[in-house]
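A quick write-up on the structure given underneath.
The values are calculated or read from the model by the stated rules, or taken from the named source; none is laboratory data. Just so we're clear, the structure is a prediction, and the values are computed from it rather than from any experiment. Note that we place each Cβ from the backbone using ideal geometry, even for glycine, and neighbour counts take in every protein chain shown. Please note that ligands, DNA and RNA were not included when accessible areas were found on the heavy atoms of the full protein model with its side chains. Shrake-Rupley method; radii C 1.70, N 1.55, O 1.52, S 1.80 Å.
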Amino acid sequence: MSDEIINRVANSALEVFDLEDYYTKGTRAQIDLSQWLLEGFVLREKEFRAALNSYDWSAYQDQYVALYCSTDAIVPAWAYILATTHLSPFAAKIVQGNLEDLETALYQDILPKIDYSIYQDKPVILKGCSQKPVPMSAYLMAVQYLQQYAKSIMYGEACSAVPLYKAKK
């Protein structure tokens, strides 16, 4: 009996698809529109426009920005659009929603551009644990692309992967 430890995972045909590898680098920010609403709830157009005009949007240079409202105010669509007209000369990307919505939008941009053919007829592990904020929606998108090529798809880590898909023969 040999005392040599053999890493069977490293020697296997398994391919790991790690969404963290495609995480868009850059600063994320959120802007709460309620700060420009009367008592956080009432949008007065004249005051809202004046507040947007006097705001220093350059602080968001090259950042990824989520526009949202933290109160239960009913914010008309034009308010988000107007804020975006001020922000767009500076921000790298702008979405309406929270930071998870922003991450989803970033993955929607990058995932269609990946060459998945390298996973053709191979067993793939869609890596689970991540250090970066990878939204669940990114996993849903990734598995749809991988399914077109992979022989099988599992989720998690090699030591404890959950089977998700097996191609029909």
### Summary
The condition from (1) more than 26 Å from residue 30 (Cβ to Cβ); (2) surrounded by fewer than 13 Cβ atoms within 10 Å (Cβ to Cβ); (3) modelled with pLDDT of 95 or more that residue 81 misses is numbered (1)
### Positions within segment 120-137 being touching a residue at least 60 places away in the same chain (Cβ under 8 Å) and open to solvent by less than 10 Å² (accessible area, probe 1.4 Å), in sequence order
124, 125, 126
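Just give me the residues in segment 34-57 being part of a loop (DSSP other than H, G, I, E, B) and of a type outside the set (A, V, I, L, M), in sequence order.
Step one: filter segment 34-57 for residues part of a loop (DSSP other than H, G, I, E, B), giving 37, 39-41, 43-44, 55-56.
Selection gives 39, 40, 41, 44, 55, 56.
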### Message
Is it the case, given these coordinates, that residue 100 is under 30 Å from residue 117 (Cα atoms), touching a helix residue (DSSP H, G or I) at 6+ places or on another chain (Cβ under 9 Å) and surrounded by 13 or more Cβ atoms within 10 Å (Cβ to Cβ)?
### Response
yes
### Message
What's the total number of residues in segment 56-78 that are surrounded by 15 or more Cβ atoms within 10 Å (Cβ to Cβ) and closer than 25 Å to residue 24 by Cβ?
### Response
9
### Summary
Of the conditions (1) touching a helix residue (DSSP H, G or I) at 6+ places or on another chain (Cβ under 8 Å); (2) of a type outside the set (A, V, I, L, M); (3) farther than 14 Å from residue 18 by Cα, the single one that residue 132 does not satisfy is (3)
### Query
What are the residues in segment 138-151 that are in contact with a strand residue (DSSP E or B) (Cβ under 9 Å, 6 or more places away or on another chain) and crowded, with 17+ Cβ neighbours inside 10 Å, if any?
139, 142, 143, 146, 149, 150
